[in-house]
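Down below is the structure, laid out as structure tokens.
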Amino acid sequence: MHPSIMLLQASIACAESDAERRESFNRQHEQCPRTRRCVSKSPTRWRRALKAPAQWLLIGMMGWSITALAQPVDTWNTVHGFDCVSDPYNPIREDGTRDPQGDPEPLSADWLARDREHRECTKQRDHDTRFHPARHLAASRYGRDPYREPTTWENVRFRHQILDFYQIPDVPYAEVYWPCSNAPDDCPTLPAELTRFDPPYPVVLVLHGFTSQAPHHRFNSQVFAEHGYLAIAANGVVPTAGTPNAQREANGDDILNWLASPESGTIGEIADLNRVAFTGHSQGARVSVTYQGDPRVHAFILWDHTDDANDDNIAQPVMFQRTDGSNGSRAEYRVTYDDDRYRGRLGYETLKSRNVDMMHFTARATVHTDWNGYGVGLSGNRLIELVTNYYNLAWLDRYLKGRLAIDERGQVIPTHGRTESEERAYRQSIAGEAYARLTARYFDDSADVHNISMGFWDQEQAEASDDPLLGGNVPFKIAGLETRDRLSPYFQSLCSLSVPNYVAGGTGAPDDPIAPLVRADTEIEGDMRFIGCPATDSLDGGQERPSTLAGSSTGGALGYGLIPLGLLVGWRQIARRRTRNRHGWLKHQRKPGASSG
């Protein structure tokens with residue numbers, strides 16, 4: 001039987017009338033608690049289940065083509081039955097908030113059920129990858145993602161160069177990626193969902209952690225390049241790919257000095273050194289922190305290492321991303337909240353007191369090695385690569401592309417022949433759009449379009465493709481999902497953000513005398529998981545506030561234009577009888593095409 005039919009049967013069997021559900025609840029919930037896998041063997045029960053909702057479904061199925069039935073089916077819910085997308089224990093309300101008092105009490109029945117679900121959801125990476133024929137390749141190559149071999153996508157999705165054996169002085173090994181441009185010979189088969197960018201490109205350094213390597217972060221560095229950045233991922237010790245490393249603090253200095261020198265050649269020529277960010281995981285984050293206060297660096301993204309800014313950082317925005325799990329195995333049992341539940345307050349208080357923007361969030365059902373990408377370890381969360389890249393790109397757009405560069409004389413440094421006023425308006429527009437993504441209630445597809453790796457395996461698709469080794473991968477997507485459902489219930493997540501008023505003469509610096517257009521702030525007692533990152537004030541004078549619901553949608557399944565009305569109505573009737581899935585059908589929206597420069 002086709003998996004789609006099996007899923008339909010399971011849905012119909014769970015779609016009992018309200019009266020029947022009340023009568024049989026105590027009898028059923030022991031067999032299928034918090035699941036929808038309660039298929040009955042009783043013919044009488046099937047007849048009772050086939051009431052109005054099922055009839056609508058069958059009418060819809062009559063219009064559903066054989067092609068639709070052949071679509072790939074994700075088996076996680078049918079095999080494991082755990083909801084790793086929404087949060088049924090304290091669901092999001094219609095106004096977009098959660099009940100601050102609604103989380104389960106420690107050791108209550110709901111606490112234990114949520115804890116079990118949380119731990120099981122850190123098994124998703126193993127569940128997804130075990131069916132991939134290329135999984136053994138990742139293991140044999142020390143965790144290199146088989147879907148992201150640079151030579152496969154060179155001059156297709158990005159441009160790149162491998163600089164091994166100290167071609168950058170004192171840097172053992174580096175992978176350099178940059179965007180496809182509008183030059184005649186650049187990427188003639190660039191996928192339609194990607195954008196071309198012309199140099200100069202803002203610079204992003206990607207620093208791996210202890211025992212890791214630069215190739216582990218291809219899901220970051222390649223995505224950064226596709227989104228308009230010059231990304232440089234560097235090994236700390238070993239001059240080749242494929243072996244464990246330790247990160248070295250001098251890598252940052254060595255790479256920045258090289259980019260500023262004639263020896264860097266074409267790569268140095270396309271680098272915009274007025275817009276530089278450091279990103280790092282674990283030990284790489286610790287190394288990045290040492291560059292806080294360095295005037296050559298303008299923003300930071302720290303992946304699962306630290307929670308505070310150092311004393312030298314008086315102007316550099318920092319995003320902290322943390323796990324709520326262990327180092328590499330699945331999450332452990334919890335009997336209460338962790339002692340460091342409010343760890344994000346360190347960076348929040350430090351940076352906000354200096355009027356420096358920050359965000360600190362803990363990703364739900366993750367482990368430390370999730371930030372190493374596909375191929376590293378078996379435990380992990382299937383959506384974290386998309387979630388981290390969504391916020392990575394929004395942060396870089398806000399604080400690099402959206403940064404107004406000022407020279408030593410206090411003059412604006414324009415790019416691409418723009419006048420000062422045009423440059424101010426251009427950078428402000430980018431900053432506002434990025435702010436909207438950082439504060440959005442729903443994810444857009446700005447990360448989805450770059451995901452060619454993490455997904456589930458579809459054998460029929462593989463057999464129909466020309467590539468049985470890699471052709472069956474169905475990449476995951478997050479567009480339309482609630483952003484705050486990706487945040488951990490075990491730790492507080494905080495934000496303090498702003499959009500500068502460049503057009504009115506502002507600089508965006510912490511001591512800018514021109515008030516920002518808008519601020520968003522959870523305040524010290526708030527939590528993004530409950531209230532998002534809410535706008536707190538805006539500039540008077542009719543300035544339009546950037547939307548905090550960018551990427552949201554109310555179109556439902558019909559917005560796809562693919563599902564017959566009968567199927568839609570039937571599904572909606574069954575959905576009314578279910579309380580678990582809170583994210584529903586949401587349109588996947590395309591983000592506005594990014595501009596070069």
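The table below lists the values:
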| item | result |
| --- | --- |
| Number of positions in the stretch 107-156 that are polar (S, T, N, Q) and in a helix (DSSP H, G or I) | 5 |
| Helices (runs of 4 or more DSSP H) (entirely within the stretch 383-489) containing at least 2 residues that are modelled with pLDDT of 95 or more, under 23 Å from the mean Cα position of the chain (by Cα) and within 19 Å of Arg322 (Cα to Cα) | 384-396 |
| Some residue of the stretch 206-226 being within 26 Å of Val387 (Cβ to Cβ), assigned to a strand (DSSP E or B) and in contact (Cβ under 8 Å) with a residue 40 or more places away in the chain | yes |
| Where a residue in the stretch 356-376 is at positive phi and its partner, wherever it lies, is hydrophobic (A, V, I, L, M, F, W, C) and open to solvent by less than 10 Å² (accessible area, probe 1.4 Å), with Cβ under 6 Å and at least six apart | Ala365/Cys121; Gly373/Phe219; Gly375/Ala138 |
| Selection within the stretch 521-538 - β-branched (Val, Ile, Thr), surrounded by fewer than 20 Cβ atoms within 10 Å (Cβ to Cβ), over 12 Å from Arg441 (Cβ atoms) and modelled with pLDDT of 95 or more | Ile524 |
| Selection from the stretch 460-515 of residues that are surrounded by fewer than 21 Cβ atoms within 10 Å (Cβ to Cβ), polar (S, T, N, Q) and either touching a residue at least 40 places away in the same chain (Cβ under 8 Å) or within 26 Å of Arg114 (Cα to Cα) (or both) | Gln461, Thr507 |
| Single residue of the stretch 341-361 satisfying the filter (outside any loop (DSSP other than H, G, I, E, B) and among the hydrophobic types (A, V, I, L, M, F, W, C)) that is surrounded by the fewest Cβ atoms within 10 Å (Cβ to Cβ) | Leu346 |
| Scan of the stretch 271-280 for residues that are of a type in the set (A, V, I, L, M, F, W, C) and touching a Leu at 6+ places or on another chain (Cβ under 6 Å), ordered by number | Ala271, Ala277, Phe278 |
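The values are calculated or read from the model by the stated rules, or taken from the named source; none is laboratory data. On a predicted model such as this, the values are computed, not experimentally measured, just so you know. Methodologically, a virtual Cβ is constructed for each residue, glycine included, from the backbone with ideal geometry; neighbour enumeration extends over all protein chains shown. Note: areas computed on protein heavy atoms with side chains; ligands, DNA, RNA excluded. Shrake-Rupley method; radii C 1.70, N 1.55, O 1.52, S 1.80 Å.
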